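Have a look at the structure below, then the notes.
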Amino acid sequence: LDEILGMIRSRAPHVRFLRIGSRMVVQLSTRVTAELCAVLERHRVQMVNIHINHPKEITPLLRQRVKMLQKAGIMMGLQTVCLKGVNDSVEVMRELFMQSVEMGVRPYYVYSTDMVEGAHHFIVPHRRMLELYEGLRGWISGPAVPTFIVDGLGGLGKLPIIPSYVREEALPDGSGTTVKCRNYAGKTVEMPGLGQDFSLPSVSN
Ligand SMILES: *Cc1c(COP(=O)(O)O)cnc(C)c1O
């Protein structure tokens, strides 16, 4: 890792942001040693994304090793895979993401389950992912709310799965449209001024 990071830093100055995504920090927390932290700090690795799926995985040892990485000046992020029966519940996700921000780890992405053989029983429907997102946004601290993502479909990269809080509606007198926004609790407000030059890209519902 020392060698690879050294090569990137010396030969690829156009790489401005170096991040490492790994489940190792959770799976084998003792791998995070003082020596490893020194390597990451020396090569100015800006971010380490860890992978936690359930608050039960946050152990005292994990907290301690996360702190070591943070002391090396590393921004910490969290990625989670949405798994049926493991974390497809608003309560579990709220707890996971609040515990995560509490230790200074910013929830970044929630991924849909990869369509891989043997993992079908973990698949959470996209509709449910939208509901889970709605159970977070506005209900817990904003920095604790990650972006929900579907990855690997049609080779299009990451596709955000986020509910729309804005909608365009036809005016009753047929003179045009108005824009309505709703808050996290489902209350709606019209945007007379802000909505004026506002035109939503046409999306079929
Ligand atoms: C997720 C992913 C990235 C990183 O995407 P960001 O949106 O920048 O976090 C890059 N390459 C591949 C293949 C990925 O799956």
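Descriptive notes on the structure:
- Spacing of the modelled spin labels on M47 and E168, each 7 Å from Cα toward Cβ, amounts to 3.2 nm.
- Averaged over its residues, the chain has an accessible area of 60 Å² per residue, based on protein heavy atoms and a 1.4 Å probe.
- Three-way shape call for region 36-82 based on the alpha-carbon gyration tensor, with the a/c threshold at 1.5: oblate
- Helices of the chain meeting both criteria, an alpha-carbon length of 15 angstrom or more along the long axis and an average Kyte-Doolittle score not below -0.5, with helices taken as full DSSP H segments, are 90-102.
- Under a 5 Å amide H cut-off, with hydrogens placed 1.01 Å from N, F148 pairs with V110, I161 among residues at least 5 apart or on other chains.
- Residues listed by number, region 1-18, amide nitrogen under 16 Å from K158 label point at 7 Å toward C-beta: 17-18
- For the chain, the dipole from Cβ point charges (+1 on Lys and Arg, -1 on Asp and Glu) about the Cα centre works out to 740 debye, to the nearest 20.
- Label-to-label distance for V92 and I8 is 3.1 nm, based on points extended 7 Å past Cα in the beta-carbon direction.
- Peptides 152-164, 66-78 ordered by packing proxy, namely the average of other Cβ atoms within 10 Å per residue, highest first: 66-78, 152-164.
- For the chain, the share of accessible area belonging to carbon and sulfur comes to 55 percent (1.4 Å probe, ligands and nucleic acids excluded).
- Paramagnetic label zone (point 7 Å from Cα along Cα-to-C-beta, F17; backbone N under 16 Å) in region 49-91: 49-50, 74-79
- Cα shape, the chain, gyration tensor, a/c 1.5 rule: prolate
- Region 2-160 - percent relative contact order, Cα under 8 Å, separation 6 or more: 18 percent
- Peptides 37-48, 167-178 ordered by packing proxy, namely the average of other Cβ atoms within 10 Å per residue, highest first: 37-48, 167-178.
The values are calculated or read from the model by the stated rules, or taken from the named source; none is laboratory data. This structure is a prediction, so every number in the text was calculated from the model and none was measured. Ideal geometry is used to build each Cβ from the backbone, glycine not excepted, and the neighbour counts take in all protein chains shown. The accessibility values were calculated without ligands, DNA or RNA, using every heavy atom of the protein model including side chains. Shrake-Rupley method; radii C 1.70, N 1.55, O 1.52, S 1.80 Å.
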